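Here is the structure we will look at.
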Amino acid sequence: MKRLLVIASGGGHTGFARAVAEYMPFKVDFVIPEGDLNSRNLLSPYAEKIYEVSKPREPTGSNLSTIPKASRAISQSFSLPKYDITLATGSNHSLFPSFAQWTKGSTIFTLESQDRIVTKGKAVSILSHFSKGVFLHWEEQRSLYRNGIVVGPVLQKRKYDPKNEGYVLVTAGTEGFRSLFDKVLEIGLNNVVIQTGKVDPQIYVRKGVKAFSFDPDIERLIAGANVVITHQGKTAMESAVLYGKPTVIVFNKDLTRAATYEDVRRYSTIIGAYFLDDPSTWGNEELAKFLENPYKPKSHQPGTEKLVKVIMNYLE
């Protein structure tokens, strides 16, 4: 079997990598951000080998911090062995490993984010120029890339049966979203579970709220929630498409390098989620209104199996 390298760039990008690995008929080699224990723990069951490459810039990091990290990432990337196929899951972390593999003759595929509907992700836009194809989740993304391949929403296999256990799950990925968490608590809900990411969970634990930084089995909590409140990340797609949960997407204006307001608004429409602007722009009644009468999202067929079939055709 020819070899496949999947670049899992942390957060939702690692979630995409895991989803692909679940459908592969063999264990996969991965590249993860240096020191990213969450990615390592998530991918280890599906991995033959895991390499680490420095991530030049975090989502909210400054440009000045990228120079030393980029130099290290270049060195680490070119030290990797050559693979026949490379799948990049996006983010600036994917750039140097993908380019290094391309110079060695690897066939590159790239995956665009689920919430890029009218604008391209910067890293994916660069990668698209030397990629065989860019995998897309929605027909609405097709016009973004001349070499786009629409496969459907790229998601892992569903792990649990959906049920309603009486709580509202609030989750905002790796970075967290403190203004959203605070706004939710202002409403006075007594059945909230918060995944805080890099925000200190003790802020909310001290208020009697169930809160934690990370859970590698966050899917269990999605499956049991009555409603999921999240930001523009991959979790919204998991909640709505994989588990059919009433889903609220709240735009995080602080993620300046992420998808735009219009991208996120259209993404919400595609999956049938209730959309709200940044918490600084609305009062408690907007969210409370939905929680009083939540509605089901739209139905979509996951496309991960189609993506894997494309890759396998190049490996055979």
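The values are calculated or read from the model by the stated rules, or taken from the named source; none is laboratory data. For clarity, every value in this text was computed on a predicted model and none was experimentally measured. FYI the Cβ positions are ideal-geometry reconstructions off the backbone, even for glycines, and counts take in every protein chain you see.
Are any residues in the range 7-37 part of a strand (DSSP E or B) and of a type in the set (A, V, I, L, M, F, W, C), and if so, which ones? Don't jump to the end; show me each part of the working.
So the first thing to find is which residues in the range 7-37 are part of a strand (DSSP E or B), and the list is 7, 28-33.
Hits for the range 7-37 are I7, V28, F30, V31, I32.
Taking R220 as meeting all but one of (1) closer than 21 Å to F16 by Cβ; (2) surrounded by fewer than 17 Cβ atoms within 10 Å (Cβ to Cβ); (3) in contact with a strand residue (DSSP E or B) (Cβ under 8 Å, 6 or more places away or on another chain), write down the number of the exception.
Unmet for R220, out of (1) closer than 21 Å to F16 by Cβ; (2) surrounded by fewer than 17 Cβ atoms within 10 Å (Cβ to Cβ); (3) in contact with a strand residue (DSSP E or B) (Cβ under 8 Å, 6 or more places away or on another chain): (3).
From L255, L307, grab the single residue that is in contact with a strand residue (DSSP E or B) (Cβ under 7 Å, 6 or more places away or on another chain) and within 30 Å of N147 (Cα to Cα). I'd like the intermediate steps shown before the answer.
On the way: L255 fails: in contact with a strand residue (DSSP E or B) (Cβ under 7 Å, 6 or more places away or on another chain).
After applying the criteria, what remains is L307.
Which of the residues belonging to the range 141-180 are assigned to a helix (DSSP H, G or I) and more than 21 Å from F16 (Cα to Cα)? Full working, then the answer.
Filtering the range 141-180 for residues assigned to a helix (DSSP H, G or I) gives 141-144, 178-180.
Selection gives S143, R178, S179, L180.
Out of the residues in the range 27-38 meeting the condition of being at pLDDT 95 or above and of a type outside the set (D, E), tell me which one is surrounded by the fewest Cβ atoms within 10 Å (Cβ to Cβ).
It comes out as K27.
Could you tell me which numbered condition T256 fails, if it satisfies all but one of (1) polar (S, T, N, Q); (2) in a loop (DSSP other than H, G, I, E, B); (3) surrounded by 17 or more Cβ atoms within 10 Å (Cβ to Cβ)?
Looking at each condition in turn, T256 falls short on (3).
When only residues in the range 180-197 that are of a type outside the set (A, V, I, L, M, F, W, C) and buried (at least 16 other Cβ atoms within 10 Å of the Cβ) count, which is farthest from E292 (Cα to Cα)?
Step one: filter the range 180-197 for residues of a type outside the set (A, V, I, L, M, F, W, C), giving 182-183, 186, 188, 190-191, 195-197.
Next, from what is left, pick out any that are buried (at least 16 other Cβ atoms within 10 Å of the Cβ): 183, 195-197.
On the way: K183: 16, Q195: 22, T196: 24, G197: 27 Å.
The selected residue is G197.
Any idea which residue in the range 236-248 is farthest from R116 (Cα to Cα), counting only those that are buried (at least 24 other Cβ atoms within 10 Å of the Cβ) and of a type outside the set (A, V, I, L, M)?
Looking only at the range 236-248, we keep the residues that are buried (at least 24 other Cβ atoms within 10 Å of the Cβ), and these are 236-241, 245, 247-248.
Adding the requirement that they be of a type outside the set (A, V, I, L, M) leaves 238-239, 245, 247.
Values: E238: 16, S239: 18, K245: 22, T247: 18 Å.
Filtering the range 236-248 for residues that are buried (at least 24 other Cβ atoms within 10 Å of the Cβ) and of a type outside the set (A, V, I, L, M), the one farthest from R116 (Cα to Cα) comes out as K245.
Quick one: is K183 in the same structural domain as R220 (by TED's automatic domain parsing), in contact with a helix residue (DSSP H, G or I) (Cβ under 8 Å, 6 or more places away or on another chain) and either in contact (Cβ under 8 Å) with a residue 40 or more places away in the chain or in a loop (DSSP other than H, G, I, E, B) (or both)? First the steps, then the outcome.
On the way: in the same structural domain as R220 (by TED's automatic domain parsing): yes; in contact with a helix residue (DSSP H, G or I) (Cβ under 8 Å, 6 or more places away or on another chain): yes; either in contact (Cβ under 8 Å) with a residue 40 or more places away in the chain or in a loop (DSSP other than H, G, I, E, B) (or both): yes.
Taking the combined requirement at face value, the residue satisfies it.
Failed condition for G105, given (1) more than 17 Å from the chain's Cα centre (by Cα); (2) of a type outside the set (D, E); (3) farther than 19 Å from A8 by Cβ; (4) at pLDDT below 95, with all others met?
So the condition that G105 fails would be (4).
Counting only residues that are among the polar types (S, T, N, Q) and out of contact with any Lys or Arg (no Cβ under 8 Å at 6 or more places or on another chain), which one in the range 260-303 is surrounded by the most Cβ atoms within 10 Å (Cβ to Cβ)?
Within the range 260-303, the first condition is being among the polar types (S, T, N, Q), and the residues that meet it are 260, 268-269, 280-281, 284, 293, 299, 301.
Add one more test, that the residue is out of contact with any Lys or Arg (no Cβ under 8 Å at 6 or more places or on another chain), and what stays is 260, 268-269, 281, 293, 299, 301.
On the way: T260: 16, S268: 24, T269: 14, T281: 10, N293: 7, S299: 10, Q301: 10.
Taking the candidates together, the pick is S268.
Limited to the range 242-253, what total is found for residues that are assigned to a loop (DSSP other than H, G, I, E, B) and either on the phi < 0 side of the Ramachandran plot or among the polar types (S, T, N, Q) (or both)? Walk me through it before giving the result.
Restricting attention to the range 242-253, the residues satisfying the condition of being assigned to a loop (DSSP other than H, G, I, E, B) are 243-246, 251-253.
Next, from what is left, pick out any that are either on the phi < 0 side of the Ramachandran plot or among the polar types (S, T, N, Q) (or both): 243, 245-246, 251-253.
Qualifying residue count for the region: 6.
Take T281 and decide whether it is of a type in the set (V, I, T) and either touching a Phe, Trp or Tyr at 6+ places or on another chain (Cβ under 6 Å) or modelled with pLDDT under 95 (or both). If you could, list the steps in order and put the result at the bottom.
Working: of a type in the set (V, I, T): yes; either touching a Phe, Trp or Tyr at 6+ places or on another chain (Cβ under 6 Å) or modelled with pLDDT under 95 (or both): yes.
For T281, the condition - of a type in the set (V, I, T) and either touching a Phe, Trp or Tyr at 6+ places or on another chain (Cβ under 6 Å) or modelled with pLDDT under 95 (or both) - is met.
For T66, all conditions in the list (1) buried (at least 24 other Cβ atoms within 10 Å of the Cβ); (2) part of a helix (DSSP H, G or I) hold save one; what is the number of the exception?
(1)
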